[in-house]
Every structure is written in structure tokens, then in C-alpha cells.
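Participant: Sharing a structure below in C-alpha cells format, with a few things to ask.
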Amino acid sequence: MSSSPQPTTTAPAAIPTLHQFFGPGGLLSRMHPAYEFRRGQLEMAQAVESALAEKRHLIVEAGTGTGKTLAYLLPAIRSGRRVLISTGTKNLQEQLFYKDVPFLERVLFPSGEGALRVCYMKGRANYLCRQKLYDLAGQPVLSGLEEIEQYRALSEWETRTQTGDRAEVASLPETSALWSRLDARSDKCLGQKCTQWERCFITEMRRRALESDIIIVNHHLFFADLAIKQAAEGAPDAGVLPDCAAVIFDEAHELEDVAGSYFGVTVSNLRFEELARDVEGSLNRHKAMSAGVMAALRALRDRAQLFFAALPPGDGRFAFQNRPEFLEENGDEYIALRQALGRVASELQTLPEKPEEVFAHVRRAEELAVQFSFVLESDDRNTVFWIERRLGRSTGRGSAAEATPGQARGNVFLQATPIEISAILRATLFERLETAVLTSATLAVGGGFNYIRGRLGMEHARELVVASHFNYPEQALLYVPPDLPDPRTPQFAPRAAERIRQLLEITRGRAFCLFTSYALMNDIYNRLLGELEYPMLLQGDAPRSALLEEFRLTPNAVLFATSSFWQGVDVQGEQLGCVIIDRLPFAVPSDPVVAARGHAISAEGGNAFYQYQVPAAVITLKQGFGRLIRSLHDRGLLALLDNRILKKAYGRIFLESLPQYRRTTDLDRVAQFFGAD
């Protein structure tokens with residue numbers, strides 16, 4: 001991954017040493033208004049610098065408050081090599097690019113002479129395709145006044161934007177159907193044959209990346225790019241990320257799930273419909289439609305509808321275990337859909353004077369046929385095959401599962417996911433990279449990294465656990481009620497609702513109530529509605545960002561939420577004084593991917609519960625509790641309503657993995673902590 005020429009950064013000799021920067025009386029102390037010497041920050045920076053210099057891998061857990069972004073940014077700059085930084089969330093990506101990097105530039109180059117060459121990259125779907133925008137001009141395919149207004153706004157913006165990043169268009173809805181027809185996704189890209197190639201925003205993004213010393217991406221883009229390059233077997237134009245000597249993965253606890261999704265295969269009814277729609281639009285635009293293509297597209301849509309209607313009923317995610325039996329009963333529908341794809345490709349190839357994009361459509365049809373066959377026929381032992389039905393956007397109050405099984409509305413996804421990603425990552429990533437740094441506030445389980453190393457296939461790496469800068473025994477109290485029933489019983493919800501009410505009265509609201517399921521979240525919310533004097537916010541009633549902003553601006557608010565609020569959320573100060581978690585966050589054992597990974601461990605003689613379920617839940621719990629203490633001045637209550645952490649043998653692993661919070665099982669102690677009567 002480091003074969004291309006590396007840019008030359010500012011000579012390391014011109015950059016202050018780590019001690020000169022992080023140490024007492026150093027540059028950071030003079031430039032940062034909230035500076036405090038953080039021994040862990042310097043320790044982490046030294047470990048990262050050594051890993052880069054010695055071309056070694058490193059895993060480092062840096063507790064909240066360490067200041068880990070600066071601790072890896074400065075060594076990356078000092079290394080004189082191209083370093084790619086991959087984050088788990090868009091928020092951290094933006095923090096690095098818009099806050100941390102400009103701060104370092106001001107500190108390192110106070111005269112304004114010199115600058116860091118840094119590039120910020122997102123997935124292709126975030127960028128406008130100029131050719132698609134021009135093709136759409138004058139075409140009667142815009143539906144309604146809203147899309148017409150969106151098109152006008154995008155057309156005006158295209159004339160002045162430097163990046164083509166849709167985030168610049170604040171008025172464009174997140175769910176805009178028009179944008180999905182205009183973005184720069186690779187399956188519709190003509191590459192160098194496009195008339196807009198030189199002006200293409202993706203081309204320009206590649207150029208900037210090749211000229212950059214630091215490239216900031218997210219895990220989804222990184223692994224999508226890696227998977228494309230693997231499939232293309234080294235083709236020079238594959239992917240958008242340049243080769244680099246080192247990658248720093250921040251929020252690395254997410255790597256297994258993200259990597260697994262991109263090294264798998266997904267085939268959906270959406271992909272068949274999008275192919276048919278794009279072929280129609282392209283040929284109609286060029287007045288090249290033929291009767292043969294029209295008939296082939298009609299057959300493709302009909303066959304796709306019949307095939308997806310024949311799939312096993314079910315809601316959400318469920319295993320597709322009976323594929324041979326399904327094919328035995330529905331083989332005709334399967335073969336007919338495959339043949340319909342082949343017919344579309346064949347009819348397109350026989351068109352006279354074909355427009356250039358027809359070749360891209362043929363390639364898409366052929367790729368879809370190969371992937372469709374894999375999902376239905378492959379016997380790969382390291383792959384779990386499953387189905388996901390998405391029957392509309394959940395509002396939070398209800399669930400898509402309330403829809404009638406087998407309904408035609410919504411979309412159906414056939415999925416093939418690697419069970420073990422470790423061998424894939426070892427071969428495609430860690431054995432090819434000179435240096436990989438994995439960091440997060442939550443990587444260690446029981447003080448060690450055996451779990452994360454085993455799951456990711458990182459065999460040879462130095463390890464470091466950096467203690468948090470915070471004084472957890474003084475700042476946080478962990479409360480576990482000893483008297484509540486098991487969360488898996490029907491008696492839990494009413495008792496939990498009453499205990500939450502008592503806790504919120506003590507904390508005067510100011511709380512996140514985090515749940516492991518929508519069902520329990522809605523149940524508890526409805527039980528407390530009208531019982532609390534504090535403003536109650538519910539996930540699903542507004543977009544995530546809007547809910548967070550309302551929480552920050554509303555005194556004594558209580559937010560009821562599920563998994564998307566367990567990480568990447570930062571509320572400092574008095575506004576958040578309590579985090580309540582309903583139960584130990586074990587993954588749903590019936591989930592097809594979780595079940596398959598558990599079976600694989602058991603088949604090798606291991607204990608899936610202790611080797612997989614418990615460590616994964618430990619990391620998730622640490623993420624959830626990590627929402628509370630975000631600064632030296634934060635103080636508050638952590639409540640876990642699941643007393644299995646005290647009663648079960650595995651509870652010790654959770655407790656040993658958590659920071660040294662003060663602990664109690666006494667509600668009166670909670671009241672004393674807040675100075676209540």
C-alpha cells in the first residue's frame with residue numbers, strides 16, 4: 001500500500017519535538033487556553049511516533065480526556081510520510097479537519113509561512129456528478145415542485161462550488177430522491193471517458209489527496225475503497241484513496257462491523273430497479289432506446305418482482321439458512337431473473353452507435369448477475385447468508401416489524417457477510433501496511449487487547465493503555481440497583497420505569513436514558529409520560545442532530561434513545577448529569593451475523609459467550625457510559641439497571657474493564673452524591 005511516491009512534508013527538524021509541544025511550558029501550554037499537562041497524551045504521542053519510525057503496528061486505548069487527536073496528529077506530521085487517518089464518525093472527521101488541523105497550523109506556523117497539506121475525503125455518494133446534472137437539464141423526469149426547486153438550487157451551486165460536497169447545500173433534505181440520481185457513485189461512472197473527467201469533483205479530490213501529507217477519511221470510505229481495490233486486483237484506476245505508508249484508525253472499535261459489510265455482498269430489489277431506471281434514462285436522453293431494450297427492461301422488472309416476492313417471509317434481519325430448499329422450490333424464478341439480467345446486457349451490447357454510458361450499464365448488469373449467483377448458490381464456509389427487510393423509516397414510536405410479513409412495500413436485501421474478517425484484514429491490510437495505529441477510548445477488555453486483536457487479525461502489534469485524564473472516583477458514581485428483576489422478564493419494565501423516575505427526581509432530569517431496544521425505550525417513555533416534570537425527548541421524533549441540539553438548549557431535559565446515541569455524542573457541563581442504561585448491551589443472539597460468528601467459535605472448541613458476546617458488550621457499555629464525563633468539570637451519575645453485573649461470574653469482566661468509578665447499590669448514596677435530602 002506504499003508503492004506510490006510519498007509527498008515530502010515539512011522537515012521534521014523544523015517541527016517541535018513532542019516534549020517541546022506537549023510538555024509543561026511547551027507550545028501547547030502557551031497556545032491552548034484550557035491547557036493542562038496530560039502525561040497520557042505525551043505517552044501516547046511517543047508511542048505513535050515510535051510506531052511510525054520503526055514501521056510497527058500499535059494498539060492504544062486512550063481514555064476520554066487524553067487528547068488523542070493531537071497525540072497522533074503531531075507524530076504523523078513529524079514522520080515526513082503520507083499518513084491516512086480514518087475515523088468512525090463524520091463528527092470526528094470534521095473536528096480533525098476544521099478544528100484540530102487549523103489549530104496545529106496556527107501553533108506550528110505562527111508567522112503564517114508554511115501550511116499543512118491536508119485532504120478531507122468522503123464517500124463518492126457525497127459528491128455531485130456534473131455530467132448527471134447536465135444530462136438532467138430539460139428532461140421531464142423531475143417529480144413535483146420540490147424536486148424542481150432542488151434542481152435549480154443544485155444547478156446554481158454547481159457553478160460556484162469548489163468541492164461538489166452536498167454538505168454545502170444546507171437546504172437539501174437528507175432523504176432527497178433527486179440527489180441519488182445526481183451523485184458520483186462509481187457504478188454509474190464513465191471514468192476517463194466522461195466529457196467532464198477533468199472537471200470532475202472525484203478527479204479533483206484524487207488530485208488533492210495525491211498532493212496531501214495527511215488524508216482524513218472515515219471507516220466506510222476506507223473499507224469500501226480497500227474492497228474495490230481487492231476486487232480490481234491492482235487495476236491502476238481502482239478506488240479513490242492514494243497509497244500510503246501508515247493508517248491511523250480512530251474509533252477503531254467499529255472496524256470489524258464496517259469491514260465485514262464491505263467485504264460482503266448485498267443484492268436488493270432496489271439494485272434491479274435502479275439499473276432499469278438508469279438504462280431508461282440514459283437511452284431516452286440519447287434517443288437510442290430500442291424495442292428490444294424496452295422489452296428486456298420490462299422483463300427484468302417483472303422477474304425481479306416475482307423473485308423477491310417468493311423469498312421467505314420475515315421482518316428485520318434473519319438467516320437465509322434454507323437456500324438449497326428455496327432454490328429447489330423457486331429455481332424457475334431465480335433462473336428467470338438471472339436470464340433477464342443477461343438479456344438486458346445482450347440487448348445493450350447490440351445497440352448501434354451506443355452512448356458511452358451503455359458500457360457502464362452492461363458492466364453493472366454483469367456484476368449484479370455474478371453477485372446474485374454468489375448470494376444464492378455459494379457454499380463459502382466463511383460466509384453467513386441472510387435477509388434484511390426494510391419496510392419504511394421507523395419513527396421511533398413504532399417499528400417496521402409491525403408491517404404484515406410479505407408485504408410488497410419496502411425493500412428486501414439479500415446479504416452475504418464474512419463470518420471471520422480476521423484473515424481477510426490480515427492479508428489485505430496489516431501485512432501490506434508499514435504501520436497501522438488502532439486507537440479508541442474503548443478497545444481493551446479486562447485491561448488487555450486479546451479480543452480486538454483476534455477479531456481483526458492483528459498479530460504483531462505493540463500495546464498501550466493510557467489512563468484517562470479525568471478523576472473518575474470523584475467525578476462519577478456508578479449505581480446498580482440490587483433489587484430489580486432480570487431485564488429479560490416481564491416484571492422488569494414497570495419496576496425499571498419507577499426506578500428511573502426516582503433517579504431523575506434526584507438528578508433533576510439532565511439525563512440520557514439509553515436502551516438496547518426500541519420496544520423497551522417506547523415502553524418506559526410511555527410509562528413516564530406525565531409522571532415527570534422534566535421535558536422528555538424521544539429518539540425518532542426529530543433527526544438525531546436536532547434532538548441533541550434541543551437537549552443542549554432545554555434545561556433539565558431527559559432524552560430517551562437507543563444505539564445511535566451510545567457513541568459519538570458529546571454534551572459537556574451541567575446539561576448532562578446522568579446516564580441510565582437499561583441492561584448489559586449483549587448483541588441479539590438470534591441476529592444472523594452474531595449467531596454465525598458464535599457458531600464458528602464454538603465449532604473450534606471455544607466459548608462464544610466469553611470470547612465474543614461478553615467482550616463486545618463490554619466495549620459497547622464503555623461507549624455508553626462514556627457519554628457522561630467529557631471534561632474535568634463534569635460530574636454525574638451512571639446507572640446500570642441490570643444487576644447481573646453483580647450476580648453473574650461474567651460481571652467481573654465488565655467491572656474490571658470500566659474506569660474506577662465510585663460504586664454503590666444504595667439509592668440514598670445517589671441522593672447524597674447530588675446533595676439531595
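The values are calculated or read from the model by the stated rules, or taken from the named source; none is laboratory data. No experiment lies behind these values; they were computed from the predicted model shown. Positions of Cβ are backbone-derived with ideal geometry, glycine not excepted, and every protein chain shown enters the neighbour counts.
Participant: Search segment 505-539 for residues being hydrophobic (A, V, I, L, M, F, W, C) and in a loop (DSSP other than H, G, I, E, B), and hand back the single one that is farthest from Pro490 (Cα to Cα). Please lay out each step first, then the result.
Facilitator: To start, the set of residues in segment 505-539 that are hydrophobic (A, V, I, L, M, F, W, C) comprises 506, 511-515, 519-521, 524, 528-529, 532, 536-538.
The next check asks that each one be in a loop (DSSP other than H, G, I, E, B); those that pass are 515, 529, 532.
On the way: Phe515: 16, Leu529: 20, Leu532: 23 Å.
Residue satisfying both the conditions and the ranking: Leu532.
Participant: Looking only at segment 486-504, how many residues end up being outside any helix (DSSP H, G or I), under 19 Å from Leu528 (Cα atoms) and over 30 Å from the mean Cα position of the chain (by Cα)? It would help to see each step written out before you state the result.
Facilitator: Keep residues of segment 486-504 that are outside any helix (DSSP H, G or I), which gives 486-491.
This time we only want the ones that are under 19 Å from Leu528 (Cα atoms), so: 487, 490-491.
Okay, now just the ones that are also over 30 Å from the mean Cα position of the chain (by Cα), so 490-491.
Result for segment 486-504: 2.
Participant: Scanning segment 207-223 for residues that are more than 12 Å from the chain's Cα centre (by Cα) and of a type outside the set (D, E, K, R), which turns out surrounded by the most Cβ atoms within 10 Å (Cβ to Cβ)?
Facilitator: Initial filter on segment 207-223 (more than 12 Å from the chain's Cα centre (by Cα)): 207-216.
The next check asks that each one be of a type outside the set (D, E, K, R); those that pass are 209-210, 212, 214-216.
Working: Ala209: 20, Leu210: 15, Ser212: 22, Ile214: 24, Ile215: 23, Ile216: 26.
Among those residues, the one meeting the criterion is Ile216.
Participant: Could you run through segment 140-166 and say how many residues are modelled with pLDDT of 85 or more and either in contact with a Lys or Arg (Cβ under 6 Å, 6 or more places away or on another chain) or not acidic (Asp, Glu) (or both)?
Facilitator: Taking segment 140-166 first, the residues modelled with pLDDT of 85 or more are 149-166.
Adding the requirement that they be either in contact with a Lys or Arg (Cβ under 6 Å, 6 or more places away or on another chain) or not acidic (Asp, Glu) (or both) leaves 150-155, 157, 159-164, 166.
Residues in segment 140-166 being modelled with pLDDT of 85 or more and either in contact with a Lys or Arg (Cβ under 6 Å, 6 or more places away or on another chain) or not acidic (Asp, Glu) (or both): 14 in total.
Participant: Output the residues belonging to segment 540-555 that are assigned to a loop (DSSP other than H, G, I, E, B) and in contact with a helix residue (DSSP H, G or I) (Cβ under 9 Å, 6 or more places away or on another chain). Please lay out each step first, then the result.
Facilitator: Of segment 540-555, the ones assigned to a loop (DSSP other than H, G, I, E, B) are 540-543, 554-555.
Those that are assigned to a loop (DSSP other than H, G, I, E, B) and in contact with a helix residue (DSSP H, G or I) (Cβ under 9 Å, 6 or more places away or on another chain): Gly540, Asp541, Ala542.
Participant: For the structure I just gave you, tell me whether Ser261 is within 21 Å of Ala427 (Cβ to Cβ) and assigned to a helix (DSSP H, G or I).
Facilitator: Criteria met by Ser261.
Participant: Scan Ser468, Ser517 and give me the residue that is at pLDDT below 95, within 31 Å of the chain's Cα centre (by Cα) and within 19 Å of Arg630 (Cα to Cα).
Facilitator: Ser468
Participant: Just one of the numbered conditions (1) in contact with a helix residue (DSSP H, G or I) (Cβ under 9 Å, 6 or more places away or on another chain); (2) assigned by TED's automatic domain parsing to the domain that holds Leu73 is not true of Leu478; which one?
Facilitator: With respect to (1) in contact with a helix residue (DSSP H, G or I) (Cβ under 9 Å, 6 or more places away or on another chain); (2) assigned by TED's automatic domain parsing to the domain that holds Leu73, Leu478 is out only on (2).
Participant: All but one of (1) touching a helix residue (DSSP H, G or I) at 6+ places or on another chain (Cβ under 7 Å); (2) under 29 Å from Ile228 (Cβ atoms); (3) in a loop (DSSP other than H, G, I, E, B) hold for Thr175; state the number of the condition that does not hold.
Facilitator: Of the numbered conditions (1) touching a helix residue (DSSP H, G or I) at 6+ places or on another chain (Cβ under 7 Å); (2) under 29 Å from Ile228 (Cβ atoms); (3) in a loop (DSSP other than H, G, I, E, B), the odd one out for Thr175 is (1).
Participant: Continuing with this model, one more query. So which of Leu632, Leu641 is in contact (Cβ under 8 Å) with a residue 24 or more places away in the chain, out of contact with any Gly (no Cβ under 6 Å at 6 or more places or on another chain), of a type in the set (A, V, I, L, M) and surrounded by 16 or more Cβ atoms within 10 Å (Cβ to Cβ)? Even if it seems obvious, please write down each step before you answer.
Facilitator: Working: Leu632 fails: surrounded by 16 or more Cβ atoms within 10 Å (Cβ to Cβ).
Criteria check complete, one pass: Leu641.
Participant: State yes or no: is Phe320 crowded, with 18+ Cβ neighbours inside 10 Å, in contact (Cβ under 8 Å) with a residue 40 or more places away in the chain and under 35 Å from the mean Cα position of the chain (by Cα)? Before the answer, list the steps.
Facilitator: Numbers: crowded, with 18+ Cβ neighbours inside 10 Å: yes; in contact (Cβ under 8 Å) with a residue 40 or more places away in the chain: yes; under 35 Å from the mean Cα position of the chain (by Cα): yes.
Yes; evaluated as a whole, the condition is true for this residue.
Participant: Quick check on segment 421-445: of everything there that is small (Gly, Ala, Ser) and assigned to a loop (DSSP other than H, G, I, E, B), which residue is farthest from Thr66 (Cα to Cα)? Give the derivation first.
Facilitator: Here is the first cut: in segment 421-445, the ones small (Gly, Ala, Ser) are 422-423, 427, 436, 440-441, 444.
Narrowing further to those that are assigned to a loop (DSSP other than H, G, I, E, B): 441, 444.
On the way: Ala441: 9, Ala444: 16 Å.
Among those that are small (Gly, Ala, Ser) and assigned to a loop (DSSP other than H, G, I, E, B), it is Ala444.
Participant: From the list Leu351, Leu341, which one is touching a residue at least 12 places away in the same chain (Cβ under 8 Å) and in a helix (DSSP H, G or I)? Show your work before the answer.
Facilitator: On the way: Leu351 fails: in a helix (DSSP H, G or I).
Residue meeting the stated conditions: Leu341.
Participant: Of the residues Ile202, Ile216, which is in contact with a Leu (Cβ under 6 Å, 6 or more places away or on another chain), farther than 21 Å from Val279 by Cα and of a type in the set (Val, Ile, Thr)? It would help to see each step written out before you state the result.
Facilitator: On the way: Ile202 fails: in contact with a Leu (Cβ under 6 Å, 6 or more places away or on another chain).
Selected residue: Ile216, the only one of Ile202, Ile216 that is in contact with a Leu (Cβ under 6 Å, 6 or more places away or on another chain), farther than 21 Å from Val279 by Cα and of a type in the set (Val, Ile, Thr).
Participant: Could you please let me know if Ala51 is farther than 21 Å from Phe103 by Cβ, among the aliphatic types (A, V, I, L, M) and modelled with pLDDT under 95? Lay out the reasoning, then the answer.
Facilitator: On the way: farther than 21 Å from Phe103 by Cβ: yes; among the aliphatic types (A, V, I, L, M): yes; modelled with pLDDT under 95: no.
Considered against the rule, which asks whether it is farther than 21 Å from Phe103 by Cβ, among the aliphatic types (A, V, I, L, M) and modelled with pLDDT under 95, Ala51 comes out as no.
Participant: Out of all the residues in segment 574-588, is one or more out of contact with any His (no Cβ under 8 Å at 6 or more places or on another chain), in a helix (DSSP H, G or I) and either within 30 Å of Asn556 (Cα to Cα) or not small (Gly, Ala, Ser) (or both)? Talk me through it step by step, then tell me what you get.
Facilitator: Looking only at segment 574-588, we keep the residues that are out of contact with any His (no Cβ under 8 Å at 6 or more places or on another chain), and these are 574-588.
Checking which are in a helix (DSSP H, G or I) leaves us with none.
No: zero hits.
Participant: What do you reckon, is Asp666 of a type in the set (D, E, K, R) and surrounded by 16 or more Cβ atoms within 10 Å (Cβ to Cβ)?
Facilitator: Working: of a type in the set (D, E, K, R): yes; surrounded by 16 or more Cβ atoms within 10 Å (Cβ to Cβ): no.
Spelling it out, it is not the case that Asp666 is of a type in the set (D, E, K, R) and surrounded by 16 or more Cβ atoms within 10 Å (Cβ to Cβ).
Participant: Sort out which residues of segment 603-622 are more than 28 Å from Arg389 (Cβ to Cβ) and of a type in the set (S, T, N, Q), and write them in order of number.
Facilitator: Narrowing segment 603-622 to residues more than 28 Å from Arg389 (Cβ to Cβ): 603-607, 609-611, 614-615, 618-619, 621-622.
The answer is Asn607, Gln611.
Participant: Is it the case that segment 312-322 has a residue that's of a type outside the set (D, E, K, R) and either in a helix (DSSP H, G or I) or over 30 Å from Ser590 (Cα atoms) (or both)?
Facilitator: Keep residues of segment 312-322 that are of a type outside the set (D, E, K, R), which gives 312-314, 316, 318-322.
Now restrict to residues that are either in a helix (DSSP H, G or I) or over 30 Å from Ser590 (Cα atoms) (or both): none.
Scanning segment 312-322 turns up no residue that is of a type outside the set (D, E, K, R) and either in a helix (DSSP H, G or I) or over 30 Å from Ser590 (Cα atoms) (or both).
Participant: Being in a helix (DSSP H, G or I), touching a Lys or Arg at 6+ places or on another chain (Cβ under 8 Å) and either over 30 Å from Tyr518 (Cβ atoms) or in contact (Cβ under 8 Å) with a residue 40 or more places away in the chain (or both): is that true of Leu283 here? Spell out the reasoning first.
Facilitator: Values: in a helix (DSSP H, G or I): yes; touching a Lys or Arg at 6+ places or on another chain (Cβ under 8 Å): no; either over 30 Å from Tyr518 (Cβ atoms) or in contact (Cβ under 8 Å) with a residue 40 or more places away in the chain (or both): yes.
It is false that Leu283 is in a helix (DSSP H, G or I), touching a Lys or Arg at 6+ places or on another chain (Cβ under 8 Å) and either over 30 Å from Tyr518 (Cβ atoms) or in contact (Cβ under 8 Å) with a residue 40 or more places away in the chain (or both).
Participant: Which ones in segment 105-120 are closer than 20 Å to Ser79 by Cβ, out of contact with any helix residue (DSSP H, G or I) (no Cβ under 6 Å at 6 or more places or on another chain) and either modelled with pLDDT of 90 or more or not small (Gly, Ala, Ser) (or both)?
Facilitator: Within segment 105-120, Glu105, Leu108, Phe109, Arg117 meet the criteria.
Participant: Would you check which residues across segment 507-522 are surrounded by fewer than 18 Cβ atoms within 10 Å (Cβ to Cβ) and not small (Gly, Ala, Ser) and list them? Lay out the reasoning, then the answer.
Facilitator: Residues of segment 507-522 that are surrounded by fewer than 18 Cβ atoms within 10 Å (Cβ to Cβ), as a first pass: 508, 517, 519.
Correct list: Arg508 only.
Participant: Looking at Ile248 and the list (1) among the β-branched types (Val, Ile, Thr); (2) outside any helix (DSSP H, G or I); (3) farther than 30 Å from Val101 by Cα, which single condition is not satisfied?
Facilitator: Result: Ile248 passes all but (3).
Participant: Next question. Can you name the residue in segment 537-558 that is out of contact with any Phe, Trp or Tyr (no Cβ under 7 Å at 6 or more places or on another chain) and aliphatic (A, V, I, L, M) and, of all such residues, is surrounded by the most Cβ atoms within 10 Å (Cβ to Cβ)?
Facilitator: Start the filter on segment 537-558 by keeping residues that are out of contact with any Phe, Trp or Tyr (no Cβ under 7 Å at 6 or more places or on another chain), which leaves 540-555.
Next, from what is left, pick out any that are aliphatic (A, V, I, L, M): 542, 546-548, 553.
Numbers: Ala542: 14, Ala546: 11, Leu547: 21, Leu548: 18, Leu553: 9.
Here the answer is Leu547.
Participant: Next up: Condition first: polar (S, T, N, Q) and closer than 28 Å to Gly573 by Cβ. Now tell me which residues in segment 603-639 satisfy that.
Facilitator: We begin by selecting, within segment 603-639, every residue polar (S, T, N, Q); these are 607, 611, 613, 620, 623, 631.
Across segment 603-639, the qualifying residues are Thr620, Gln623, Ser631.
Participant: Which pairs do you get when a residue that is more than 16 Å from Gly624 (Cα to Cα), found in segment 646-664, comes within reach of a residue that is at pLDDT 95 or above and of a type in the set (Lys, Arg), reach meaning Cβ atoms under 7 angstrom, with the pair 6+ apart or on two chains?
Facilitator: Qualifying pairs under 7 Å: Gly651/Arg644.
Participant: Residue by residue through segment 665-677, note down the ones that are in contact (Cβ under 8 Å) with a residue 40 or more places away in the chain and part of a helix (DSSP H, G or I).
Facilitator: Within segment 665-677, Leu667, Arg669, Val670, Ala671, Phe673 meet the criteria.
Participant: Now for a different question. Considering only segment 466-485, how many residues are out of contact with any Lys or Arg (no Cβ under 7 Å at 6 or more places or on another chain) and surrounded by fewer than 16 Cβ atoms within 10 Å (Cβ to Cβ)?
Facilitator: 4
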